[in-house]
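The values are calculated or read from the model by the stated rules, or taken from the named source; none is laboratory data. Treat the numbers as computed from the prediction; the structure is a model and nothing was measured. All Cβ positions, glycine included, derive from the backbone under ideal geometry; neighbour counts span all protein chains shown.
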Amino acid sequence: MKKKLLQLSVLLGLLITSCSTPKLGYFQDVQSGQVQQLTNPNYVKAQPGDKLSILVSSKNPQLAYLFNLPIVGNYDASSSGASLNSSRVANYKVDGDGSIDFPILGKLHIAGLTRSEIASTIKNRLIQEDLLKDPIVTVDFLDLYFSVMGEVHRPGRFIIDHDKVTILDALSQAGDLTIYGCRDNVLVMRTEDNTQKAYRLDLTNSQQLYSSPVFYLKQNDIVYVEPNAKKARESTTNGNALLQPSLWISAASLLTTIIVLITK
């Protein structure tokens, strides 16, 4: 009898010490001075449904004007930059085939190209076809977003304003994870070729994180931070009651008292 009570007391002690807090730190496998190999930078690329602004300028503003979409505003060909008296910029929408209709050049397939690659493609066509001798082509993506949901401080939809955005950038913009966020099981949902793929990330494991195909985000990606077990239990009545240290300490104290009384 005494032996069983002693074993039970030891078990309670182990349960108390095992009630540790969830993982809160990132990159827990990183050592000082460690060199981490990153995946190739995944720059944001055009895909069907995207909107872009494309501006062609030249030393000959009247000629360059032919390669820009007409927009609401008064065109001032006498100015050095062939500017439009309007802050609004016309935009192109990438169609379902991944193409845009460009003035004079016609259909241009740009899906899968970065901003700089689109600009180079247009510039080269203008020079090769002897349409402009010194074109300057500026390309910008418009209205590109990613979303962050779940256990973060500021969930929402965020604008992509850089050529490359990492999952860490996204979480930073969302105010970082709350203490209830599950850091070793972050979900990224990505739509590709009319299908949605799910990827899991472990923010505590740098090697797994940096090698993931979703370390660099794309437009329309959805990042979801799941609640940890403690947060999930809070959704039920007294869900965390049995894990409170005070409860187990009281139980261990009572059991110790019983053992002392029995063994006297």
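What to note about this one:
- Taken over segment 137-180, the criterion of being touching a residue at least 60 places away in the same chain (Cβ under 8 Å), in a strand (DSSP E or B) and of a type outside the set (Val, Ile, Thr) is satisfied by Asp140, Phe141, Leu142, Tyr145, Phe146, Ser147, Met149, Gly150.
- Checking Arg154, Arg125 one by one, the residue that is more than 21 Å from Ser57 (Cα to Cα) and among the basic types (Lys, Arg) is Arg154 and no other.
- Residue in segment 105-115 that is nearest to Leu55 (Cα to Cα), counting only those that are touching a residue at least 24 places away in the same chain (Cβ under 8 Å) and surrounded by 12 or more Cβ atoms within 10 Å (Cβ to Cβ): Arg115
- Residue within segment 122-136 that is outside any strand (DSSP E or B), surrounded by 15 or more Cβ atoms within 10 Å (Cβ to Cβ) and without any contact (Cβ under 8 Å) to a residue 60 or more places away in the chain present: yes
- Selection count, segment 181-204, where residues are loosely packed, with under 13 Cβ neighbours inside 10 Å and either assigned to a strand (DSSP E or B) or touching a residue at least 40 places away in the same chain (Cβ under 8 Å) (or both): 5
- Residue among Leu8, Leu52 that is surrounded by 14 or more Cβ atoms within 10 Å (Cβ to Cβ) and modelled with pLDDT under 65: Leu8
- Condition check for Val89: modelled with pLDDT under 75, surrounded by 10 or more Cβ atoms within 10 Å (Cβ to Cβ) and at negative phi: yes
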